[in-house]
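Quick note: the coordinates plus some simple rules give every number you see, no bench work behind them. Worth saying up front: this structure is predicted, and the values here are computed from it rather than measured. Cβ sites come from the backbone with ideal geometry, for glycine too, and all protein chains shown count toward neighbours.
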Amino acid sequence: MSESNITIPVGMVILDAAQVVGDADFRRLGRPFYLSAAQRAVRKMCMDTMSDRHVITIPIEGPIVDIPAMVMDYNGVYVYNGTTCDVNKSQRVRIKKNMHRLGGHGYIANDKWNNHHDPLQYSHGTWGWNQEPPRDLFFAGSYQGQLHLSDSCLNFNFLHVDYNGIGVTSYGEDFEVPDWMREAVIDFIILRAAEALERQDPRHLGQVIARKQNEMLAPNGSWREAQWYVRRMSKQKRQDTIEMMFRLGHA
Amino acid sequence: MPTYNEIISDIAVALGFTHDDSLLGRNALGAIVINAENKLSGQDLANDLGPASSGVAAQDRLTTFPAVPVIYTENTNDVEWAHHYVILPATVHDIANGAGIGFVRYHRPSIPVNCPPSVARATFTQTSLGSLSALYDHPMQRPSPSQPYFCRALDNGQERIYIFGMDPQVSKLLLGLYVANSYLTVDFNSEIRLPPARIFDLKRLAMQMSFWSMTIPQERLKNDGRDMEPGQQVNAPPIISVNDPAMVSNIPQQ
């Protein structure tokens, strides 16, 4: 089901939840509370399942590129030449740990390929100890929401990032909720709202909280079911997996 | 439904307050009836708007005030936020969680032309002035034209509703209030707006308050009772149940 493109407005799920706790007019907790709870639910589900996948294309104008998106994980980083529509040449970029630049020439890293001044660390390369990284090796450091590109990446026009997000692209506005997580998100909001309202009606809402905690934790609860929905393979995906494993090789 | 005058007459006759120099005149009885009515309707509203109710039952007591003018105050410093305020057009019932204000909405015919439809149907959220700082720090709950907030406050004795997050061009709002009756504005010939089942409670509550005036010593020479005749009984209020409407709090108890 991870191919699902069905989404529903967040207004649908927060009203479904508010009706259960008797707050359909949002008078007790306010609509922003429910909106925030829905965003927390979607974010948690996206973190649990890595299902909120996006791509972004950014012009390379310098060695340090700010990633203007809410990125949780990178699925792939690429550089390419061309336009925002046409791709002429593209290369995969490896994320290099501990690498960062200061904005100008050169970079700082533990392993700089040419490590011949470090007696405890080998250098890389076939033709001697003083060799610089190959020109066709493209790498970047990931640092505080930025990508610090290697010199080899600077020969390209665009940076293309495939990443997992947290379900929303900006805060404070209505958003769409993937349909497969609908029941789980509703139960999550009900739980948070019931906890917030519990003092007003502890006898009733205490039972609601117990039921919804079960939905969050039980193997057949709505939260686990949603995770199963998104992870199960469609027939297309099963066939493709067989072909990738036995004919095409690595995806 | 009986009118205020009919209830006042009932009480006046029952207590013997019909003559000109009676302890309580009709106006004083009218004030007592209005106070009793406000207490009873406040109790009903607290139940109908309480946690165990959907609020639907209270809607027949909601008064709408269309096109209430709002005043914009721009603050350019970081200490206060730009806000609008409305002078509360009527006295509202004091109900838990600020439920006396039923709703605040954009007045659609007068919203600025650049406002998208999603803003026009935004829900206003009630909060307190003390909560605003935290709300402005919360990216998802920050006041904005699509999620405006309002809160009540007194300013030099004037009851106001402050609104945060609205577009400065907004000049009117639609208010829904649970209005409490006022002695100054009520017409004694109008019908009392209480459910029929509550008329008995209203009469009894008003009678109790009126009867209280008869228990006050009058033209006594001393206020410690030494001028009383030997064995003279002092009027005392009747013993009433803890479930009597006079004793019941207007805040629903769980």
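For region B:3-69 and region A:136-172, what is the centre-to-centre distance using only Cα atoms, to the nearest Å?
Taking the Cα centre of region A:136-172 as reference, the centre of region B:3-69 is 68 Å away.
Which whole number gives the average, over all residues in A:23-34, of C-beta atoms from other chains lying within 10 Å of the residue C-beta?
Mean inter-chain Cβ contacts per residue within 10 Å come to 6.
Which value in nm describes the separation of the simple spin-label points at B:N35 and B:T64, placed 7 Å from the Cα toward the beta carbon?
My value for the distance between the label points is 3.5 nm.
Which whole-number percent of Cα pairs in chain B have a distance greater than 35 Å?
Looking at chain B, the distances longer than 35 Å represent 34 percent of pairs.
Please express the shape of region A:7-46 as an equivalent ellipsoid: the semi-axes are the square roots of 5 times the eigenvalues of the C-alpha gyration tensor, given largest first in whole angstrom.
18, 11, 8
For peptide A:183-195, what's the mean number of Cβ atoms from other chains within 10 Å of each residue's Cβ?
Mean shielding by partner chains, rounded to a whole number: 0.
What do the square roots of 5 times the Cα gyration tensor eigenvalues come to for the protein assembly as shown, in whole Å, largest first, as semi-axes of the equivalent ellipsoid?
70, 25, 21
For region B:1-103, which GluC sites (Glu not before Pro) are both in a DSSP coil and crowded by at most 16 other Cβ atoms within 10 Å?
Numbers: sites: B:E6, B:E37, B:E74, B:E80; in loops: B:E74, B:E80.
Sparse-neighbourhood loop GluC sites (Glu not before Pro): B:E74, B:E80.
When you look at the Cβ of every residue in B:137-147, what mean number of other chain Cβ atoms sits within 10 Å?
Mean shielding count: 5.
Which of A:N88, A:I56, A:V71 sits farthest toward the positive end of the charge dipole of region A:35-92, with +1 on the Cβ of Lys and Arg and -1 on the Cβ of Asp and Glu?
Checking the options against the dipole of region A:35-92, the answer is A:V71.
Quick one: what are the phi-derived ³J(HN,Hα) couplings along region A:51-64, Karplus 6.51/-1.76/1.60 with θ = phi - 60°, whole Hz, x for glycine and proline?
9, 8, 9, 9, 10, 9, 10, 10, x, 8, 10, x, x, 10
At 222 nm, what value in deg cm²/dmol follows for chain A if DSSP H runs of at least 4 each add -39500 (n - 2.57) and the sum is divided by all its residues, to the nearest 500? Could the numbers behind the result be given before it?
Numbers: 6 runs with 81 residues, N = 251.
About -10500 deg cm²/dmol.
What is the total of Lys pairs in the protein assembly as shown with C-alpha atoms under 18 Å apart, excluding same-chain pairs fewer than 8 positions apart?
Qualifying lysine pairs in the protein assembly as shown: 4.
In region A:190-251, which trypsin sites (Lys or Arg not before Pro) are in a loop and have at most 16 other Cβ atoms within 10 Å, using DSSP for the loop call?
Answer by residue number: A:R232.
Would you mind getting me the FRET efficiency between B:Q169 and B:L23? Use the beta-carbon distance for r and R0 = 41 Å, nearest 0.05. It would help to have the intermediate numbers written out before the result.
Values: r = 57 Å, r/R0 = 1.40.
E(calc), rounded to 0.05, equals 0.10.
Longest span of chain A, sites excluded, free of GluC sites (Glu not before Pro) in DSSP loop with at most 16 other C-beta atoms within 10 Å?
For GluC sites (Glu not before Pro) (loop position, at most 16 other Cβ atoms within 10 Å), the longest site-free span of chain A is A:62-172.
I want to check the label-to-label distance for A:D162 and B:A52. Put each point 7 Å from Cα in the C-beta direction and report it in nm to one decimal.
If labels sit at A:D162 and B:A52, their model points lie 5.8 nm apart.
Between B:D227 and B:A153, what FRET efficiency follows from the Cβ-Cβ distance if R0 is 56 Å, with the result rounded to 0.05?
For R0 = 56 Å, the calculated efficiency reads 0.65.
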